[in-house]
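Taking it in order: structure first as C-alpha cells, then the write-up.
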Amino acid sequence: MPLLSDHNLYPGVNAHLNSFLQQSGGGWESFHVRHINDLQAHLDQVLPRGYYALSEKSHQISTYGADADARFQTHSDIAIYRLPTADPSSAGGILAPTLSLPMREVLIDLQDEALMSVVIYQVREGRFPGTPITRIELLSPANKPRGSDYRPYLARRLSGLRAGIALVEIDFLHQQRALLPTLPSYPQADAGSAPYSVLISDPRPELMQGKVDAYAIAVDVPLPVLALPLADAETVSLDMGAVYAQTFTSVRVFSQLVDYALDPPAFDKFTPDDQAKIQAILQRIRAESPP
C-alpha cells in the first residue's frame, strides 16, 4: 500500500522527489520554476530596506523534448537589487561554509572553459531595475558538467562575476558531478562531497581577490540558513528549509510522486553510506505512520 504525505517527511531535501525529478521526463523544469518563485517571494519578505528581488532570465538554458530538435528555454532565476537608501543589516544563526576557496584558484581552473564565449552586461545607474548586487541560480541538468549548456553557462557566470555581481548557486543534482572541478564530486564519492550543495561566489573587492564558499548538505540534515552577500558588508538570511517546504506543499503532484513505502528512484545513485541514512529515515517514517 502506498505511503503518502502532503508534507515533506525528510529533514531536508526529499530524496524521493529529487531523484524522480532527475529522471528523463521527470519534471525538473516544473520544480525549478516553482522553487525560484518561492525563493523570490521569501527574499522580498526578508531583504533589508532598499533592496528587492526580481525573477528574470537565468544564465542557464534547459532543453525540452528528447529529439535533436528540442527547443531551448531560459529559466527565470533571481537577482537582488539595491536602491540608494539601503540600511545596514546583518544576519544571525547562519551556517558556516564547509569549504572556502580563493576566487583566483577557482578561476584558474575554469579559464579554458569560460573563454568559449563573452557576455557583456550594462548597468543602468538610477533607473529601474537599479544596480544588480547578487544573482541566485538553481542549477539545472543541462548546465552541469557534460550537460549541453555547461561551457556557455561557465562563460556567462564568469561575465557576471567580472561585473562584480555575487553569485549563489543551489545544486540539488546529486547524480551529476560538482559544477566546479576544484570541488569534491558526489558521483565519484570524493572525500568531503555531499549530495546537495550551495556555492556562494563573492568577487569583491575585485575578481582576483574574491572567494567562493561551498556548503555541503547531507541527505539526512535540514536545509541550512545561509547569509547571502549584499552590497558592502551587508547580508540577508535565506532560510532554505522554509522555502523548500513551501515548494513541496504548494504543488500537489510533488507529494503524490513520493511513496515512502518504496525506495527512491535510482537509489543506487546515492553512496552506500547515504543509502543507509535514507533507509533509516524511511524506517522511522514507516514506523510512525498509522496502520
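Taking the stated definitions as given, is residue 71 modelled with pLDDT of 50 or more and open to solvent by 30 Å² or more (accessible area, probe 1.4 Å)? Give the steps one after another, and end with the answer.
On the way: modelled with pLDDT of 50 or more: no; open to solvent by 30 Å² or more (accessible area, probe 1.4 Å): yes.
The answer is no for residue 71.
Only one of (1) open to solvent by less than 70 Å² (accessible area, probe 1.4 Å); (2) at pLDDT 95 or above; (3) out of contact with any helix residue (DSSP H, G or I) (no Cβ under 8 Å at 6 or more places or on another chain) fails for residue 265. Which number is that?
(3) is the only condition that residue 265 fails.
Which one of these is open to solvent by less than 20 Å² (accessible area, probe 1.4 Å) and either farther than 15 Å from residue 18 by Cα or touching a His at 6+ places or on another chain (Cβ under 8 Å) (or both): 225, 243? Outline the logic, then answer.
On the way: 225 fails: open to solvent by less than 20 Å² (accessible area, probe 1.4 Å).
Testing whether each residue is open to solvent by less than 20 Å² (accessible area, probe 1.4 Å) and either farther than 15 Å from residue 18 by Cα or touching a His at 6+ places or on another chain (Cβ under 8 Å) (or both) leaves just 243.
Does the stretch 147-199 hold any residues that are within 24 Å of residue 20 (Cα to Cα), small (Gly, Ala, Ser) and without any contact (Cβ under 8 Å) to a residue 12 or more places away in the chain, and which are they?
Scanning the stretch 147-199 gives a single hit, 185.
Do you know which residues across the stretch 205-232 are in a loop (DSSP other than H, G, I, E, B), out of contact with any Pro (no Cβ under 8 Å at 6 or more places or on another chain) and of a type outside the set (Asp, Glu)?
205, 223, 224, 231
Is it the case that some residue within the stretch 263-284 is in contact with a strand residue (DSSP E or B) (Cβ under 8 Å, 6 or more places away or on another chain) and of a type in the set (D, E, K, R)? Steps first, answer last, please.
Step one: filter the stretch 263-284 for residues in contact with a strand residue (DSSP E or B) (Cβ under 8 Å, 6 or more places away or on another chain), giving none.
For the stretch 263-284, residues in contact with a strand residue (DSSP E or B) (Cβ under 8 Å, 6 or more places away or on another chain) and of a type in the set (D, E, K, R): absent.
Report whether or not residue 271 is polar (S, T, N, Q) and farther than 20 Å from residue 44 by Cα.
Working: polar (S, T, N, Q): yes; farther than 20 Å from residue 44 by Cα: yes.
Taking the combined requirement at face value, the residue satisfies it.
A quick yes/no check of all residues on (1) modelled with pLDDT under 95; (2) within 17 Å of the chain's Cα centre (by Cα); (3) open to solvent by 10 Å² or more (accessible area, probe 1.4 Å):
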| site | (1), (2), (3) |
| --- | --- |
| 138 | yes, yes, no |
| 141 | yes, yes, yes |
| 146 | yes, no, yes |
| 183 | yes, yes, yes |
| 196 | no, yes, no |
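Residue check, residue 118 against (1) at pLDDT below 85; (2) of a type outside the set (D, E, K, R); (3) open to solvent by less than 90 Å² (accessible area, probe 1.4 Å), all met but one. Which one?
The failed condition is (3).
Restricting to the stretch 270-291, what's the tally of residues that are outside any helix (DSSP H, G or I), more than 14 Å from residue 19 (Cβ to Cβ) and touching a residue at least 12 places away in the same chain (Cβ under 8 Å)? Steps first, answer last, please.
Here is the first cut: in the stretch 270-291, the residues outside any helix (DSSP H, G or I) are 270-271, 289-291.
Restricting the remaining residues to those that are more than 14 Å from residue 19 (Cβ to Cβ) gives 289-291.
Cutting the leftovers down to touching a residue at least 12 places away in the same chain (Cβ under 8 Å) gives us 289.
Final tally of qualifying residues: 1.
If you check residue 187 against the conditions, is it more than 30 Å from residue 8 (Cβ to Cβ), out of contact with any Asp or Glu (no Cβ under 9 Å at 6 or more places or on another chain), surrounded by fewer than 19 Cβ atoms within 10 Å (Cβ to Cβ) and not basic (Lys, Arg)?
Working: more than 30 Å from residue 8 (Cβ to Cβ): no; out of contact with any Asp or Glu (no Cβ under 9 Å at 6 or more places or on another chain): yes; surrounded by fewer than 19 Cβ atoms within 10 Å (Cβ to Cβ): yes; not basic (Lys, Arg): yes.
Judged against the criteria, residue 187 is not a match.
May I ask you to say which residue of 271, 249 is modelled with pLDDT of 95 or more, over 15 Å from the mean Cα position of the chain (by Cα) and over 25 Å from residue 288 (Cα atoms)? Lay out the reasoning, then the answer.
Working: 249 fails: over 25 Å from residue 288 (Cα atoms).
None of the others qualify; the one that does is 271.
The values are calculated or read from the model by the stated rules, or taken from the named source; none is laboratory data. Please read all numbers here as calculations on a predicted model, not as lab measurements. When we count neighbours, we look across all protein chains shown, and the Cβ atoms used for this are built from the backbone with ideal geometry, even at glycine. For accessibility, only protein heavy atoms count, side chains too; no ligands or nucleic acids. Shrake-Rupley method; radii C 1.70, N 1.55, O 1.52, S 1.80 Å.
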